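Undergrad: The following block contains the structure, expressed as structure tokens.
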Amino acid sequence: MDNLLFRPITINGLTLPNRIVRSATNEYMTDDDDYVTDRQAALYEELARGGVGLIVTGHSYVKEGGKASKRQAAIYDDRFVPAYKRLLERLRPYDTKIMLQISHAGRQTKPNICGSTPVAPSPVADKTTGIMPRELGPEEIADIVKSFGQAARRARVAGFDGIQIHAAHGYLISEFLSPYTNRRKDEWGGSVENRARFALDVLRECRKQTGNDYPMFVKLQTDDFVEGGLNVEDSAVVARMLEGAGIDAIETSGGIVESFPAACRTGIDSPEKEGFFLSNAAKIRKAVSVPIIAVGGIRSVGVMESIISDKKADLISMSRPFIREPDLVDKLRKGVSTTAACISCNQCWHPHGIRCGQLQKESSVGDA
Ligand SMILES: Cc1cc2nc3c(=O)[nH]c(=O)nc-3n(C[C@H](O)[C@H](O)[C@H](O)COP(=O)(O)O)c2cc1C
């Protein structure tokens, strides 16, 4: 089928068999010590069998203290590498590529999860928890930058096809980007160039540890959806700086925990409601020449194709639809369906493993 969605694309030497990406999705499926499990591997294998072009893993935390949730995968030590290697073995027979998303939770966590007082660019309490984070000092910032680099190195050693740096959704890198969470008066705060310093240092350190030939994407915050937060104009400046420092592709997202569900809007039930970050994606695409990955409520083939043909983005990324239908890409390719069955109800979060709450409800009808 000569369809825009099923044309391969090569980015920094990595050929993706089609334009559809499984957006990073924390699966909440690790064991008690934060190692990836066979259950996660089985899920990725199902996605690969279903023909998705690229899987981005759920965010793996790069440093103790940077853990965002229970059952989140870790990559802060070499001892985590063999479990990732085993997981990647399962994907060998397929064309699907896979990238590790790496993150630090910053202020969006709790002491009982990350083991200490959450850290942030500035002491701005999280309104959802009331927790006041501790401001990071210059040496600690440098240390976290190093941790990202080590995580990238481990990703390459494990055999991932590349990494995606998580600079969205109010976690540490996006906290530095945002004037809402970054009130610093030193070289990491104030101007957009200063706020971008941490993201750029992370990218450069990851490059140093893996080389220029290693595919490196970023999930970039384009709007916080809070008063005084990051906006798309600043984000476009950051995108240009990241491009200058060697990023290979940019996935454009938005929203922080305080503005939830801005990142995962509910009730996407018509083409008009699809692609809720598309205007931002298009603005970022105009600012840079690296490929743009659109995410956020994209559901139907018509919308997906028009995103690419109208040059708003180069790839299409989805999260929740794949929780319901891991074989969605195959269904779209064969024409079995033209839209995802996902109703965007946000019932997919579960502390012991993502699953489609709607499917569960449907299958239990008549059980009594
Ligand atoms: C259960 C769940 C876990 C998520 N985990 C992550 C994550 O680890 N990293 C990330 O960047 N985004 C994460 N997201 C956000 C998605 O990648 C995506 O940006 C968002 O869901 C909007 O896309 P969609 O409408 O296709 O679901 C998660 C979303 C869901 C539903």
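Undergrad: In the Gaussian network model of the chain, springs joining C-alpha atoms below 10 Å, which of Lys185, Lys286, Lys67 carries the largest mean-square fluctuation?
TA: Highest fluctuation among the options: Lys185.
Undergrad: Calculated FRET efficiency, Asp33 and His350, Cβ-Cβ r, R0 22 Å, to nearest 0.05? Walk me through the numbers before you get to the answer.
TA: Values: r = 20 Å, r/R0 = 0.90.
The value I calculate is 0.65.
Undergrad: For Lys208, which lysines qualify as cross-link partners when the Cα separation must be under 20 Å and same-chain residues fewer than eight apart are set aside?
TA: Partners found: Lys63, Lys146, Lys219.
Undergrad: Which percent, nearest 5, of DSSP beta bridges in the range 4-364 are antiparallel?
TA: 10
Undergrad: Report the calculated FRET efficiency for Asp330 and Asp213 (r = Cβ-Cβ distance, R0 = 22 Å), to the nearest 0.05.
TA: Computed FRET efficiency for Asp330 and Asp213 comes out at 0.10.
Undergrad: Which lysines, on any chain, are close to Lys127 with Cα under 16 Å apart, when same-chain ones fewer than 8 places away are left out?
TA: Straight-line reach from Lys127, under 16 Å: Lys110.
Undergrad: Continuing with this model, one more query. Taking a ≥ b ≥ c as the square roots of the Cα gyration tensor eigenvalues, with a/c under 1.5 meaning rounded and otherwise prolate when a/b beats b/c, else oblate, which class fits the range 28-132?
TA: Values: a/c = 2.74, a/b = 2.17, b/c = 1.26.
Note, shape of the range 28-132 comes out prolate.
Undergrad: Which loop GluC sites (Glu not before Pro) in the range 25-98, with loop taken from DSSP, have no more than 16 other Cβ atoms within 10 angstrom of their Cβ?
TA: Values: sites: Glu27, Glu45, Glu46, Glu64, Glu89; in loops: Glu27, Glu64.
Counting only loop positions with at most 16 other Cβ atoms within 10 Å, the GluC sites (Glu not before Pro) in the range 25-98 are Glu64.
Undergrad: Pick from Pro291, Pro111, Pro326: which is most flexible by mean-square fluctuation in a GNM of the chain where alpha carbon atoms under 10 Å apart are linked?
TA: It is Pro111.
Undergrad: Can you give me the pair-distance distribution of the range 4-364, C-alpha pairs, 10 Å bins, whole percents?
TA: 6, 27, 37, 25, 5, 0
Undergrad: Continuing with this model, one more query. Using the Cα centre as the reference, give the magnitude of the dipole from point charges on the C-beta atoms of the range 4-364 (Lys, Arg: +1; Asp, Glu: -1; all else neutral), rounded to the nearest 20 debye. Don't skip to the end; give the middle numbers.
TA: Working: 48 positive and 45 negative charges, 99 e Å.
With only Lys, Arg, Asp and Glu charged at Cβ, the dipole is about 480 debye.
Undergrad: List the aspartates and glutamates whose alpha-carbon lies under 16 Å from that of Lys331, not counting same-chain residues fewer than 8 positions away?
TA: Within the straight-line limit of under 16 Å, Lys331 reaches these aspartates and glutamates: Asp2, Glu46, Glu305.
Undergrad: What is the distance, in nm, between label points placed 7 Å from the Cα along the Cα-to-Cβ direction at Ser364 and at Ser306?
TA: The answer from the label model is 3.8 nm.
No lab work stands behind these numbers, since they all come straight from the coordinates. Source: prediction; values computed, not measured. Glycine gets a Cβ as well: all are built from the backbone with ideal geometry, and neighbour counts include every protein chain shown.
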